[in-house]
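Below is one structure, written out as structure tokens; comments come after it.
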Amino acid sequence: MPEGRLKAQRAFRVLIGASALSEVEGLYCQEKQKIASRRNAGMSMTFEQVVETIRHFSPRQRKILADLIHSWDIEAVRHEISRDAKDSLAMFRRGELKPQSAQDAIKELREYMNKEE
């Protein structure tokens with residue numbers, strides 16, 4: 001099983017409990033089979049079809065899905081921050097960034113933000 005799916009399962013067991021996770025996994029498997037059969041028939045779901053499918057979920061299922069999407073968004077932001085930090089550190093080590101004090105960095109950031117407004 002892919003590592004990302006294992007992390008999602010662990011997170012949801014904590015958030016919603018194993019029974020709700022089993023329910024969502026069952027729905028996921030059903031939808032995955034439907035999508036696979038559509039692909040085999042040369043069809044795929046449009047965004048509108050996905051939305052319409054979700055609209056027929058129970059309120060509980062929609063809440064679980066919303067929580068799952070929210071956790072994906074948080075994970076994506078964490079990966080972006082991590083990637084940016086690694087890139088910046090590598091640039092610093094290559095000498096592409098100059099060392100500066102916290103005060104200078106804050107001043108430069110404020111100046112940059114004021115230009116944006």
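The values are calculated or read from the model by the stated rules, or taken from the named source; none is laboratory data. Keep in mind it's a predicted model, so treat the numbers as computed, not measured. We place every Cβ from the backbone using ideal geometry, glycine too, and count neighbours over all the protein chains shown. Side chains included, ligands, DNA and RNA excluded: accessible areas come from the protein's heavy atoms. Shrake-Rupley method; radii C 1.70, N 1.55, O 1.52, S 1.80 Å.
Sorting 64-73, 91-100 by their mean Cβ neighbour count within 10 Å, with the most densely packed peptide first, gives 64-73, 91-100.
Straight-distance candidates among the lysines for linking to Lys34, with alpha-carbon spacing under 23 Å and chain neighbours fewer than 8 residues away dropped: Lys63. Taking each residue as 0.36 nm, the span from Ile74 to Ile35 lengthens on full extension beyond its C-alpha to C-alpha distance by 11.4 nm. Of the residues Met45, Met113, ranked by 1.4 Å probe accessible area with the largest first, the sequence reads Met113, Met45.
Ordered from highest to lowest accessible area with the whole protein assembly present and a 1.4 Å probe, Thr53, Thr46 read as Thr46, Thr53.
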